[in-house]
Amino acid sequence: MSRVLNRAAAIAVLLTAGSALAHHSFAMFDQSKTVALQGAVKDFRWTNPHVFIQVLVKNEKGADEEWSIEMTSPEHLARAGWRPSTLKPGDKVTLNIHPMRDGIMGGQYLSGSGPSGPLLGSAPAKQEPAK
């Protein structure tokens, strides 16, 4: 009987582990690069399963480019003190991110500062300016 339960438990773990790893893959982000973005918040999307910061960043010609920065879940951010009102449209921010591997204007949030000072996250080791 216990042998059957052990096998059932092992199968359950194997089946759920694959989907959990697939959901939490960070393969689309270039973990070897850290980029500092300076811009203005366009939208702060407090949604499941991940919160997003839409930020307008001036390119070298002075035109706005919209970057989509992925964060963790609202639940994790709330436990760290974030609220849906933490960032508002127009807020000036500096965000440190791992950029997308494919060059799309997006990335994974690491740390940053906003109108009230430092935001959640640790300081990055090395930064490259946004291109």
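The values are calculated or read from the model by the stated rules, or taken from the named source; none is laboratory data. Quick caveat: nothing in here was measured; it's all calculated off a predicted structure. Positions of Cβ are backbone-derived with ideal geometry, glycine not excepted, and every protein chain shown enters the neighbour counts. Just so you know, the surface numbers come from the protein's heavy atoms only, side chains and all, with ligands and any DNA or RNA stripped out. Shrake-Rupley method; radii C 1.70, N 1.55, O 1.52, S 1.80 Å.
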Can you tell me which residue is nearest to the chain's Cα centre (by Cα) among those in segment 69-83 that are crowded, with 18+ Cβ neighbours inside 10 Å and either in a loop (DSSP other than H, G, I, E, B) or among the small types (Gly, Ala, Ser) (or both)? MET71
Count of residues meeting criterion [in a strand (DSSP E or B), open to solvent by 40 Å² or more (accessible area, probe 1.4 Å), free of Cβ contacts under 8 Å to residues at least 24 places away in the same chain and of a type outside the set (A, V, I, L, M)] in segment 34-63: 3
Based on this model, can you work out whether THR86 counts as within 17 Å of VAL41 (Cα to Cα), at pLDDT 90 or above and assigned to a loop (DSSP other than H, G, I, E, B)? yes
Per the filter on segment 110-131, residues of a type outside the set (S, T, N, Q), open to solvent by 30 Å² or more (accessible area, probe 1.4 Å) and at pLDDT 90 or above are LEU110
For residues that are in contact (Cβ under 8 Å) with a residue 60 or more places away in the chain and in a strand (DSSP E or B), tally how many sit in segment 89-108. 7
